[in-house]
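Working notes for the structure below.
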Amino acid sequence: TAEPKIDGLSASLRYENRRLIVGATRGDGTVGEDVTANLKTIGDIPKTLPDDAPDVVEVRGEVYAPNDAFDAFNAAAEAEGQRTYANPRNFAAGSLRQKDPAITAKRPLRFFAYAWGEAPELPAKTQMGVIEAFESWGLPTNPLMKLCHSVEELLAQYRLIESERAELGYDIDGVVYKINRLDWQQRL
């Protein structure tokens with residue numbers, strides 16, 4: 001698969017009995033910051049999953065700020081003599097780490113799901129299949145994620161994303177490629 005690498009802040013959402021129980025930042029890769037209350041203010045993130053979702057699943061993704069919303073926030077903050085942010089990534093990170101969820105709720109944050117952590121049972125045996133299940137559960141996924149079948153298709157998707165980069169409406173760091181078959185991912 002090929003997908004844009006969103007320039008935001010990584011977050012993990014743990015659902016138990018299909019309810020969002022805990023949300024955390026990646027932190028040091030082992031232990032993250034508990035930002036559950038703040039993540040629950042992001043409209044893209046469902047508080048519950050449908051009945052066909054597993055009892056336990058950790059969804060990983062990226063919290064980001066759309067460029068136009070970021071620019072509008074900074075312009076309003078500057079006009080009011082408030083703090084502005086250097087870029088959308090810092091804005092997303094600072095917003096998610098607010099001590100008061102009411103402040104986070106006023107920030108224009110979005111979320112894309114792209115992976116998983118703990119998941120005793122996955123809904124598919126492929127990367128694309130799991131992402132399609134996430135989408136069916138109401139989690140936002142990136143519409144530019146594509147299943148490719150050759151190096152030529154991988155490069156074509158890269159060129160497409162590169163050509164549309166300025167118009168995406170959010171910042172990216174490039175393109176991420178993932179082996180589609182999960183058994184091959186484990187083997188590699």
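Across the options 10, 112, 38, the greatest Cα extent toward the positive end of the charge dipole of segment 1-147 (unit charges at beta carbon of Lys, Arg, Asp, Glu) belongs to 38.
Rolling a 1.4 Å probe over the protein heavy atoms of the chain, with every protein chain left in place, gives an accessible area that is 49 percent carbon and sulfur.
The convex hull around the C-alpha trace of the chain, projected and averaged over every direction, spans 11.2 square nanometres.
Provide the packing ranking of 46-53, 9-16, 169-176, i.e. peptides ordered by the mean count of other C-beta atoms within 10 Å per residue, highest first.
On the way: 46-53: 14.5, 9-16: 21.1, 169-176: 16.8.
Sorting 46-53, 9-16, 169-176 by mean packing, highest first, produces 9-16, 169-176, 46-53.
Taking 0.36 nm per residue of sequence separation and removing the Cα-Cα distance, the residue 165/residue 99 pair yields an extension gain of 20.4 nm. Under the simplified labelling scheme, the residue 33-residue 77 pair shows an inter-label distance of 1.4 nm, with each label point 7 Å from Cα along Cα→Cβ. Put the Cα centre of segment 26-66 next to the Cα centre of segment 135-167 and the gap is 22 Å. Hey, with R₀ at 22 Å, roughly what FRET efficiency would residue 146 and residue 183 work out to, going by the Cβ-Cβ distance, to 0.05? Result of the calculation: an efficiency of 0.55.
Take the alpha carbon gyration tensor of segment 53-119, find the square roots of its eigenvalues, order them as a ≥ b ≥ c, and report rounded if a/c is under 1.5; if not, report prolate when a/b exceeds b/c, else oblate. Let's see the in-between values first.
On the way: a/c = 3.23, a/b = 2.34, b/c = 1.38.
The shape class here is prolate.
What is segment 49-188's relative contact order, in percent, from Cα pairs under 8 angstrom and six or more apart in sequence? Relative contact order comes out at 30 percent. Accessible area per residue for segment 89-188, computed on protein heavy atoms with a 1.4 Å probe, is 59 Å². By definition, a body whose alpha carbon gyration tensor gives a ≥ b ≥ c is oblate when a/c is 1.5 or more and a/b is not larger than b/c, and segment 96-164 fits this oblate description.
What is segment 31-92's relative contact order, in percent, from Cα pairs under 8 angstrom and six or more apart in sequence? Working shown, then result.
Details: 22 pairs, mean separation 16.8, N = 62.
Once divided by the residue count of segment 31-92, the mean separation gives 27 percent.
The residue among 163, 1, 92 whose Cα reaches farthest toward the positive pole of the charge dipole of the chain, with charges on the beta-carbon of Lys, Arg, Asp and Glu, is 92. Remark: spin-label model distance residue 55-residue 121 equals 0.9 nm, labels positioned 7 Å along the Cα→Cβ axis.
The values are calculated or read from the model by the stated rules, or taken from the named source; none is laboratory data. As the structure is a computational prediction, the values presented were derived from the model and not from experiment. Note that each Cβ is placed from the backbone with ideal geometry, even for glycine, and that neighbours are counted across all protein chains shown. Heads up: the accessible areas ignore ligands, DNA and RNA and are worked out on the full protein's heavy atoms, side chains in. Shrake-Rupley method; radii C 1.70, N 1.55, O 1.52, S 1.80 Å.
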